[in-house]
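Novice: For reference, the structure I am asking about is given below.
Bear in mind that the values in this text are calculations on the coordinates, not laboratory data. This structure is a prediction, so every number in the text was calculated from the model and none was measured.
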Ligand code: GRF
């Protein structure tokens, strides 16, 4: 059994799609939810699924010993980022090299990097006049949105009349793909 921690900062809709997908999965278990905010949707999902959760503040991220210990205590094998807004501490990136994955709501390298998250991405895509957007799922290194791309999928957005409509279309694509891509990625690491 491989153990996964999901890190998020907000609503947690991708976390929920992962929890639903891996519920009672014989090979992969979501064993921990980490959030950098209290009162988030993602923590509610942890509660609903009886999964331990851990809230980190800036101090705990900068002095990552406690977070490392929590990951070690829970015997976490893989870290899945789902809307987590902070950089992962260097020591944890090193320790989990090739074992941290993230989803980004654009076709990287376009519309990625520091400050490009949530509606910032969709506003920029919409204002660019691009007719295509999509999702990128990638491994995580020390920089924002920079690790090896594992999977991308495009979608037509020329019919979208606002950045909110782009966001809704992209979110649907994320929910459809992220759990499956995470599952296959973990399997590829095991073989
Ligand atoms: C998603 O669009 C994801 O791509 C990005 O942050 C958003 C998180 O949404 N990294 P949610 O919290 O999963 O609903």
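Novice: How big is the gap, in Å, between the Cα center of segment 17-48 and the Cα center of segment 74-135?
Specialist: Using only Cα atoms to place each centre, the spacing works out to 18 Å.
Novice: Translational D (Stokes-Einstein, µm²/s) of segment 33-142 at 25 °C and 0.890 mPa s when Rh comes from the Kirkwood sum over C-alpha pairs?
Specialist: Rounded to a whole number, D works out at 159 µm²/s.
Novice: Taking the Cα atoms only, what angle lies between the long axis of helix 118-128 and the longest principal axis of the chain, rounded to 10 degrees?
Specialist: The angle comes out near 20 degrees.
Novice: Extension gain residue 128-residue 24, at 0.36 nm per residue separation less the Cα-Cα distance, in nm?
Specialist: Here the answer is 33.2 nm.
Novice: Kindly express, to the nearest 10 degrees and within the range 0 to 90, the angle between helix 163-190's C-alpha long axis and the longest C-alpha principal axis of the chain.
Specialist: Value to nearest ten degrees: 40.
Novice: Let me know the Rg and Dmax you get for segment 113-182 when you use only its Cα atoms, in Å.
Specialist: Computed over the Cα atoms of segment 113-182, radius of gyration and Dmax are 12.3, 36 Å.
Novice: To two decimal places, what compactness ratio does the chain give when its Cα radius of gyration is scaled by 2.2 N^0.38 Å?
Specialist: Ratio of Cα Rg to 2.2 N^0.38 Å: 0.99.
Novice: Enter the angle in degrees (range 0 to 90, nearest 10) between the Cα long axis of helix 13-22 and the first principal axis of the Cα atoms of the chain, meaning the one along which they spread out most.
Specialist: Result, in degrees: 60.
Novice: What do you get for Rg/Rh over segment 98-138 if you use C-alpha atoms and the Kirkwood form of Rh?
Specialist: Taking Rh as the inverse mean 1/r over Cα pairs, Rg/Rh reads 0.99.
Novice: Where is the GNM fluctuation largest for the chain (alpha-carbon springs, 10 angstrom cutoff): 98, 115, 12?
Specialist: Maximum fluctuation in the GNM of the chain, among the listed residues, is at 115.
Novice: GNM, the chain, Cα, under 10 Å: largest mean-square fluctuation among 31, 17, 162?
Specialist: With Cα springs under 10 Å in the chain, the top fluctuation among 31, 17, 162 is at 162.
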